[in-house]
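First the structure, in the form of structure tokens, and then the observations on it.
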Amino acid sequence: MAQIIKVLKGTKDILPQNIELWHFVEKNAKDIFSRYGFKEIRTPIIETTDLFSRGVGDTTDIVNKEMYTFEKSERSITLRPENTAGVVRSYIENGMSRLSAPVKLWYEGPMFRYERPQAGRQRQFHQVGVEMFGIKQPSADAEVILMAEDFLKSIGLDDLSVEINSLGCPKCRTEFKEKLKSVIKPHLNDLCEDCQTRFDKNPLRLLDCKVPECQEIYAKKEIQEVIMSDFLCDECREHYSELKSYLDKMNVKYSENKLLVRGLDYYTRTVFEIKSNNLGSQNAVCGGGRYDNLVEQLGGEPTPAIGFAMGMERLISLLEEKEPQKLDGYIVSNNTQEAFLLAQELRSQGLNIELDLTNKKFTKQLEKASKVANYALILGEDEIVNNQVSIKNLKTGQQFTLNRHECFKNIRHENFQNNK
Ligand code: HAM
């Protein structure tokens, strides 16, 4: 027999038994983001490598170690590791700055990072994300965080924690970085290899190193004093405190985390993450922040912007822990033709219905129904003669018989009652 070819490490098939959850999450993203005035954008999966080294930043792990890059016709091309840079490119290239602000865009699709695969971390993964251009006020930051929370609630995830921080602007952040380096410098030789490189290239990233020896060093009093100090300039402090008062007013629960620095270079001022307690070490379902200099850095007019992206696989794995979604009804009958007629009637009205296609025994069909559906729709001989259907609620065991044309209304009504 020929050797079997397997899926690449760090990539996964999304199989038919899981696709419903994907559709559910995608539909909610579209509904909720549209409600806030966001429009979908689809950009290419391949972009020039330059876009990411200039956009995401060549001091980041993503650009340094994780990009899938190849040459084609002497051009360096990269599979997108994230989509903010691509959306910014498109915003500039398509003259979207001429549209009235804010320009609100959302996207969904595969991203590629050559990372060590583990639970919640893949080499090909999917993000759903948003980018909002043209508003410098903190009300935009608040709206984006509020929408992230709204979307997560809409798919049934409401026990997540929102963490926020401000990274300041290039001016106040530069001073902070210098102070941080001066207190860490005496320990430079004891830091891990990554931190030694970050020390010069990207000192803020020192703060989220997970190596215990480094963490021990960063816990020292004189270093903690710098980390916890308020380094923001007046404008950045004002922006941050206005954001917090919006969030308070909108009842968004959040905590402030001074160690939240994010792994991409483009952020200014607000950064945030939304985390779950049920995901192990890869616990961030959402990451985002403001990037007021990126549009200009990539050749556009100076334009403030903010956005976030969520890992679809992480959202789906949290939903999988919940009860799987069931069919609205499973038809139990020994008359397959009549069962088909009823199934088609109900499907045409938008219900998810299956029926037994192999004429199994009644009891077997009922067993199957209780596994896969909310209701068993029983079409026995009596029901067929009287143009009726017996509906069994498979949660409560309650059963009642109705005229066939009332069946749809009742399942809809009952489903509504159940989902309330
Ligand atoms: P990020 O934090 O790199 O931000 O990714 C956002 C989310 O994508 C993470 O919180 C996580 O849920 C998911 N994710 C990242 N890497 C992986 C992976 N290897 N496997 C599975 N899921 C993963 C960005 O990408 C920014 N572009 C977000 C943004 C938009 N900032 C402003 N606008």
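One line per residue, one yes/no per condition, for (1) closer than 26 Å to residue 321 by Cβ; (2) out of contact with any helix residue (DSSP H, G or I) (no Cβ under 7 Å at 6 or more places or on another chain); (3) within 16 Å of the ligand (Cβ to nearest atom):
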site: 111; (1), (2), (3): yes, yes, yes
site: 133; (1), (2), (3): no, no, yes
site: 136; (1), (2), (3): no, yes, yes
site: 140; (1), (2), (3): no, yes, yes
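Within segment 347-382, if we keep just the residues that are more than 33 Å from the chain's Cα centre (by Cα) and in a loop (DSSP other than H, G, I, E, B), the residue that is farthest from residue 20 (Cα to Cα) turns out to be 380. The requirement of being away from the ligand (no atom under 16 Å from the Cβ), surrounded by 13 or more Cβ atoms within 10 Å (Cβ to Cβ) and part of a loop (DSSP other than H, G, I, E, B) is satisfied by residue 232.
Among the listed residues 121, 80, identify the single one that is within 12 Å of the ligand (Cβ to nearest atom) and surrounded by 18 or more Cβ atoms within 10 Å (Cβ to Cβ). Being within 12 Å of the ligand (Cβ to nearest atom) and surrounded by 18 or more Cβ atoms within 10 Å (Cβ to Cβ) holds for just one of 121, 80, which is 80.
May I ask you to verify whether residue 243 is in contact (Cβ under 8 Å) with a residue 12 or more places away in the chain, touching a helix residue (DSSP H, G or I) at 6+ places or on another chain (Cβ under 8 Å), within 22 Å of residue 202 (Cβ to Cβ) and away from the ligand (no atom under 14 Å from the Cβ)?
Working: in contact (Cβ under 8 Å) with a residue 12 or more places away in the chain: yes; touching a helix residue (DSSP H, G or I) at 6+ places or on another chain (Cβ under 8 Å): yes; within 22 Å of residue 202 (Cβ to Cβ): no; away from the ligand (no atom under 14 Å from the Cβ): yes.
No.
Among the helices (runs of 4 or more DSSP H) confined to segment 1-79, the ones with at least 3 residues that are under 30 Å from residue 202 (Cα atoms) are located at 49-52, 61-65. Is there a residue in segment 159-166 that is modelled with pLDDT under 95, crowded, with 19+ Cβ neighbours inside 10 Å and farther than 17 Å from residue 222 by Cβ? Among the residues of segment 159-166, at least one is modelled with pLDDT under 95, crowded, with 19+ Cβ neighbours inside 10 Å and farther than 17 Å from residue 222 by Cβ, which makes the answer yes. Scanning segment 1-46 for residues that are surrounded by 12 or more Cβ atoms within 10 Å (Cβ to Cβ), without any contact (Cβ under 8 Å) to a residue 24 or more places away in the chain and among the aliphatic types (A, V, I, L, M) yields one hit, 14. The single condition among (1) free of Cβ contacts under 8 Å to residues at least 60 places away in the same chain; (2) within 16 Å of the ligand (Cβ to nearest atom) that residue 49 does not meet is (2). A count restricted to segment 95-109 and to residues that are away from the ligand (no atom under 16 Å from the Cβ) and either small (Gly, Ala, Ser) or over 16 Å from residue 132 (Cβ atoms) (or both) stands at 5.
Residue 266 meets all of the listed conditions (1) over 17 Å from residue 161 (Cβ atoms); (2) more than 16 Å from the ligand (Cβ to nearest atom) but one, namely (2).
Hey, among the residues in segment 83-96 that are in contact with a helix residue (DSSP H, G or I) (Cβ under 9 Å, 6 or more places away or on another chain) and of a type in the set (Val, Ile, Thr), which one's surrounded by the fewest Cβ atoms within 10 Å (Cβ to Cβ)? Per the criteria, the residue is 92. Report whether or not residue 241 is out of contact with any Cys (no Cβ under 6 Å at 6 or more places or on another chain), surrounded by fewer than 17 Cβ atoms within 10 Å (Cβ to Cβ), of a type outside the set (Asp, Glu) and over 21 Å from residue 291 (Cα atoms). It is false that residue 241 is out of contact with any Cys (no Cβ under 6 Å at 6 or more places or on another chain), surrounded by fewer than 17 Cβ atoms within 10 Å (Cβ to Cβ), of a type outside the set (Asp, Glu) and over 21 Å from residue 291 (Cα atoms).
The values are calculated or read from the model by the stated rules, or taken from the named source; none is laboratory data. None of these values were measured; they are calculated from a predicted model. As a convention, Cβ positions derive from the backbone with ideal geometry for all residues, glycine included, and neighbour counts pool all protein chains shown.
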